[in-house]
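Student: Below: one structure in C-alpha cells.
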Amino acid sequence: NPVIVWFRSTDLRLSDNPALHAAASLGVPVLPLFVLEEVAGDPRPLGGASRWWLHGSLERLAADCAALGSPLILRRGDPAAEIDALRRASGAATVLWNRRYSPIHTARDAAIKDGLKRDGVEARSFCAHLLAEPWTVQNKSGGPFKVFTPFWRNLSADLAPPAPLPVPERLIPPASAPASDRLADWGLLPTAPDWAGGLRAAWVPGETAARARLTAFLEGPVATYATDRDRPDMMGTARLSPHLAFGEISPRQIWHATRHSADAHPERQKGAESFLREIGWREFNHHLLHHAPHMLDQPLDDRFADFPWLSDADGLAAWRRGRTGYPIVDAGMRELWETGWMHNRVRMIAASFLVKDLLLPWQVGEQWFWDTLVDADPANNAGGWQWVAGCGADAAPFFRVFNPVLQGEKFDPEGDYVRRFVPELRHLPSRWIHKPWEAPADVLRRAGLRLGDHYPKPIIDHGLARNRALTLFAERKGQ
Ligand code: FAD
C-alpha cells in the first residue's frame, strides 16, 4: 500500500526531511501531498507576503518531487477531509508528517492523528522544525524556562542534533496519478496590483536557494557576525529567516554546517557561536509559545493586560507607510514593504517607536508584520514584539525606549541604509541624515529637501513621547 507524506508550510524540503525519508525507506509508492489549509474560523490565515513565498516554494518542491519520481499532489480545504479522501482513493495505509508547534496546528494535527488511528491507519509524526522540541527542555524543577540565557545554556550544553538526512534517491510513484489542483489556480500571487516586484528582486524561495544562502554566509559574513549583525547598512546576517520559516532548510542542517565551518576555520568560531545563539532565540520563542499559547495575542506579563494603549489611525498609517519623519524607522518600514524583510536591529527600533512613542498596542504592529514579512512566524513575531514592548517572558524592560536618532547614528553611521530606502534624503550629509529637522536651512536647500513637503517632519517629538510612556508606566507600576 502507498504511503502519504503530508508536507506543510513549515517543511518544504527534500533534504533532512524525516517524514519523507521514512516514507521512502518503506519501499512502497510515496504520495507527497500539500494541502492549502482552509478551515472555517482559522484565526491566522497566511499573510500576503507569506502567500507569495509559499507559491514560489511549492513550485520548486513540486519540481523536486517530480524529479525524484512522484509528483506533488496539491489540494485545498480542510486537511482532515483531504487526507481522508486521498487515502481512500489511493488505498494508502500510512500517513507521515513532520510536527509543527503553533497551538492551533498542534491541536489540528493531534485530532487528525486520532482520526486516522481510529480508522486503522498508521499515522506517525517527526521532529524536523526545531533542534529540540519544546517539551524536552526543562529547568531544574521540571518546568519550562522563562528566561533566554539559562534556556540556551541548558540546551546548548550537550546539544548534538542528529546528522541531517539525505534526499531520498527516488520516490516510487503510485500506479495511477491522483487528482491534483493547479498551483496557478490558488491565487497565492498578487495580481491587481502586483506589489511583489520588490520581493522577486530580493528573494528566490526554495531549498536550493536556502542552501546557497547558508553557504555564502558561512564563507564570508559569519566571521564578523558578532559585531556586524547589528548593522542594517551591511549584509552582516544570513537572511535565512524566510527559508527557515517555510522549512526549506532545517535548523539541524544549519547547526551542523556552522559547527563544521567553525571547526575548520577557527577565526569563524566567535561569529558562529553568536549566530547559533540567534538560532537559539528561535528555539526559545517556540518553547515559550508551546508553554504559553496565549502569547500570540496576549501579553505574557499580565501587568500589561489592560495597558491604556491609544488608538491613532493617522500615526499608524504614517508608521506603516514609512512616513513618521524618523529616517531609520521609515527606512525599516519601507524595506519591509519593498522586500518583505527588515533587519533585526531596525525591527526593534521600528517596533519600539510604534509601541512606546505612539503608544499603540503591540498586537497592531504584530499583525502588520504578519501580513508583510516573508519570514512571518507565529512564535518569532509574537516573541519579538513582546520583547520590544516589555511584556514578554524575557523582555527588554519597558523603560528601555529606543531613541531613533541615536540608534540610527550608531548602527547606520554613514546613513547608507536610510539613503537606500528613503531616497528623498539621499543628498543629505551623513551628519544630518538621522535628524533632518535639525539641519540648517542651507544644508536642506543644497540637498533639495523641503521638510513637510518631500519628507515629513517628525510626527511626534521623541523626547516628549518617551516621557509620556515612562510616566504612564510608572503610574501603573505604582498601582
Ligand atoms: P540572522 O541574524 O542571520 O539569524 C539566523 C536565524 O536565527 C534567523 O533566520 C532566525 O530564524 C533566527 N533569529 C535571528 N534573530 C532572532 C531573534 N531576535 N528572535 C528569534 N529568532 C531569531 N523572525 C522571524 O523569523 N519571523 C518573524 O515573524 C519575526 N518577527 C520579529 C518581530 C520583531 C518586532 C522583532 C524585533 C524580531 C522579529 N524576528 C522575526 C526576529 C529577527 O528579526 C529575524 O529572525 C531576523 O532579522 C532574520 O534575519 P536573518 O535570517 O538575517 O537573521
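Student: Tell me whether segment 375-384 contains one or more residues that are near the ligand (Cβ under 7 Å from one of its atoms), buried (at least 24 other Cβ atoms within 10 Å of the Cβ) and more than 23 Å from ALA202 (Cβ to Cβ).
Tutor: Checking segment 375-384: at least one residue is near the ligand (Cβ under 7 Å from one of its atoms), buried (at least 24 other Cβ atoms within 10 Å of the Cβ) and more than 23 Å from ALA202 (Cβ to Cβ).
Student: List pairs: first residue in segment 182-204 and farther than 25 Å from MET342 by Cβ, second residue acidic (Asp, Glu) anywhere in the structure, Cβ distance under 9 angstrom, at least six positions apart or on different chains.
Tutor: Taking only residues 6 or more apart or on different chains, the pairs are LEU183/GLU59.
Student: Is it fair to say ALA202 is within 16 Å of the ligand (Cβ to nearest atom) and farther than 23 Å from SER15 by Cβ?
Tutor: In short, yes.
Student: Kindly establish whether LEU359 is within 13 Å of the ligand (Cβ to nearest atom) and modelled with pLDDT of 95 or more.
Tutor: no
Student: Same structure, new question: Please work out if VAL418 is surrounded by fewer than 21 Cβ atoms within 10 Å (Cβ to Cβ), in contact with a helix residue (DSSP H, G or I) (Cβ under 8 Å, 6 or more places away or on another chain) and not basic (Lys, Arg).
Tutor: no
Student: Across segment 256-286, which residue is surrounded by the most Cβ atoms within 10 Å (Cβ to Cβ) among those that are within 11 Å of the ligand (Cβ to nearest atom), closer than 16 Å to PHE217 by Cα and of a type outside the set (Gly, Ala, Ser)?
Tutor: Among those that are within 11 Å of the ligand (Cβ to nearest atom), closer than 16 Å to PHE217 by Cα and of a type outside the set (Gly, Ala, Ser), it is PHE275.
Yes/no per residue for (1) outside the structural domain of SER25 (by TED's automatic domain parsing); (2) at pLDDT 95 or above; (3) basic (Lys, Arg):
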| site | (1), (2), (3) |
| --- | --- |
| ALA123 | no, yes, no |
| THR149 | yes, yes, no |
| LEU155 | yes, yes, no |
| PRO174 | yes, yes, no |
| ALA192 | yes, no, no |
| TRP195 | yes, yes, no |
| THR215 | yes, yes, no |
| THR227 | yes, yes, no |
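Student: Which of the following residues is within 12 Å of the ligand (Cβ to nearest atom) and in contact with a helix residue (DSSP H, G or I) (Cβ under 7 Å, 6 or more places away or on another chain): LEU300, LEU289?
Tutor: Sole residue among the options that is within 12 Å of the ligand (Cβ to nearest atom) and in contact with a helix residue (DSSP H, G or I) (Cβ under 7 Å, 6 or more places away or on another chain): LEU289.
Student: Restricting to segment 131-158, name every residue that is surrounded by 15 or more Cβ atoms within 10 Å (Cβ to Cβ) and more than 23 Å from the chain's Cα centre (by Cα).
Tutor: Within segment 131-158, ASN154 is the sole residue that qualifies.
Student: Moving to a separate point now. Collect the residues in segment 164-203 that are within 20 Å of HIS243 (Cβ to Cβ) and aliphatic (A, V, I, L, M), keeping them in residue-number order.
Tutor: LEU165, VAL167, LEU183, LEU188, LEU189, ALA196, LEU199, ALA201, ALA202
Student: Name the one entry in VAL30, VAL121 that is surrounded by 20 or more Cβ atoms within 10 Å (Cβ to Cβ), among the β-branched types (Val, Ile, Thr) and closer than 21 Å to LEU171 by Cβ.
Tutor: VAL30
Student: In this structure, is ALA305 over 20 Å from the mean Cα position of the chain (by Cα) and without any contact (Cβ under 8 Å) to a residue 12 or more places away in the chain?
Tutor: Here the answer is yes, as ALA305 does meet what is asked.
The values are calculated or read from the model by the stated rules, or taken from the named source; none is laboratory data. In this text the structure is predicted, and so the values were computed from the model without any measurement. Positions of Cβ are backbone-derived with ideal geometry, glycine not excepted, and every protein chain shown enters the neighbour counts.
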